[in-house]
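Read the structure below first, then the notes.
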Amino acid sequence: QVQLVESGGGLVQPGGSLRLSCAASGSIFAIGTMNWYRQAPGKQRELVAAILSGGTTNYADSVKGRFTISRDNAKNTVYLQMNSLKPEDTAVYYCFASVRTHSSGNYIAYWGQGTQVTVSS
């Protein structure tokens, strides 16, 4: 089994910064894409940023130039550096990873429990 544990959320003023982390643990053979999603109250969950195992990244238009996704493959960890935060960035942020375990020949999707990010003065 695989677990994703997120950390780094909290309350920040507009214009501030936060760094989210998500560590994957368990019987991991390989990890494909590692993504960050977010869901604001009353809205659908949306993709914020994605990073492939080779380092290729993709961002939602709303966060381009402000957020940076990165990963440490040796630590099975993905990060989201969030700068110039806006009130509309307020949401629960979820980590996602596509993982192949030692007992599976396929990549399976796993989700973290979510971490709250609130941007408010």
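The values are calculated or read from the model by the stated rules, or taken from the named source; none is laboratory data. Everything numeric in this text was worked out from a predicted model, so none of it was measured. All Cβ positions, even for glycine, are placed from backbone atoms using ideal geometry, and neighbour counts span all protein chains on display. In case anyone asks, the SASA skips ligands and DNA or RNA and just uses the protein heavy atoms, side chains included. Shrake-Rupley method; radii C 1.70, N 1.55, O 1.52, S 1.80 Å.
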So how strong a dipole does the chain carry about its Cα centre when Lys and Arg Cβ are +1 and Asp and Glu Cβ are -1, to the nearest 20 debye?
60 debye
Give the carbon-plus-sulfur fraction of the accessible surface of the chain in %, rounded to a whole number; probe 1.4 Å, heavy atoms of protein chains only.
47 percent
With a 1.4 Å probe and all protein chains left in place, how much accessible area per residue does the chain have, in Å²?
52 Å²
As straight-line cross-link partners of Lys86, the qualifying lysines (C-alpha separation under 25 Å, not fewer than 8 residues apart within one chain) are Lys43, Lys64
Counting just the Cα atoms, what span does the range 31-121 cover along each of its three principal axes? Round to the nearest Å and put the largest first.
47, 26, 21
Give me the percent relative contact order of the chain, please, defined on Cα pairs under 8 angstrom at least 6 residues apart.
36 percent
